[in-house]
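Worksheet: one structure, shown below.
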């Protein structure tokens, strides 16, 4: 066994752990803000840039300094893609966080609060993704996690569709501020994009082999 290679692989996995934990905190922060609770109004999200940079550098150092086996190479390449996905989710979460500030004072406040259910399911899906960091998992475990992932994502899609329908009904039923309409439509789209990006992660992680 190549001890140096194993050390670098473990360091890379731990950097993903730290990045995913911080992302989880930020998604919980967005969930809190969606409740329109006054105590969450001015709470900023964590800056993930240093953690994303560390994860990326650990991946690149492994590729540059070691000669990994094919399975370890797939693991490193998958880790790079997942790190990039987290950076994308962070950008979307920051945009959603800003939009909630406007929506919590609009006629769409109730719909905004309804989005907490979707975010709670997104957090549950993220927890499944975080179980996949370990290498060389049994095929049965991966199939079980994949089934859970599929079920959660299907439920999220149904919930988002219901929210979209409610938005359309609200727009049709009453005069609404144009800015608020744009914000609620984009907020719903942000939720959908976060869920979609998380849903793609298991495929990246399963390729670790």
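Dividing the summed helix terms, -39500 (n - 2.57) for each DSSP H run of n ≥ 4, by the number of residues in the chain produces a 222 nm estimate of -29000 deg cm²/dmol to the nearest 500. Between the Cα long axis of helix 178-206 and the first principal axis of the chain there is an angle of about 20°, rounded to the nearest 10.
The simple spin-label model puts a point 7 Å past each Cα toward its Cβ; for residue 46 and residue 177 those points are separated by 3.2 nm. Across the alpha-carbon set of segment 12-74, the Rg to Rh ratio works out to 1.21, Rh being the Kirkwood radius.
Normalised by the number of residues in the chain, the average gap of Cα pairs under 8 Å and 6 or more apart makes the relative contact order 30 percent. In terms of the mean number of neighbouring beta-carbon atoms within 10 Å, the peptides 73-84, 49-60 order highest first as 73-84, 49-60. For the pair residue 124 and residue 91, the difference between a 0.36 nm per residue extended length and the Cα-Cα distance amounts to 9.9 nm. Which entry is the computed log10 I(q)/I(0) by the Debye sum over Cα atoms at q = 0.11 Å⁻¹ for this structure: (1) -0.57; (2) -0.47; (3) -0.63? Computed from the coordinates, log10 I(q)/I(0) by the Debye sum over Cα atoms at q = 0.11 Å⁻¹ corresponds to (1).
Mind pulling the angle between the C-alpha long axis of helix 109-130 and the longest principal axis of the chain? Nearest 10 degrees, somewhere in 0 to 90. That helix lies at roughly 10 degrees to the long axis.
Nearest 10 degrees, 0 to 90: what angle lies between the long axis of helix 3-34 and the longest principal axis of the chain (Cα atoms)? Once rounded, the angle reads 10 degrees. Sorted ascending by nearby beta carbons within 10 Å, beginning with the fewest, 153, 108, 69 become 69, 153, 108. Once you reduce segment 157-190 and segment 1-75 to the center of their Cα atoms, the two points are 33 Å from each other.
Between residue 166 and residue 39, the distance separating the two model label sites (each 7 Å from Cα on the Cα→Cβ line) works out to 2.3 nm. Applying 0.36 nm per residue to the separation of residue 70 and residue 84 and subtracting their alpha-carbon distance, the gain on full extension is 2.9 nm. Once both labels are positioned 7 Å from their Cα atoms along Cα-to-Cβ, the gap between residue 98 and residue 6 label points is 4.7 nm.
Since every read-out is calculated from the coordinates, none of them should be taken as a lab result. Since we're looking at a predicted model, the values are computed, not measured. Virtual Cβ from ideal backbone geometry, glycine too; neighbours counted across all protein chains shown.
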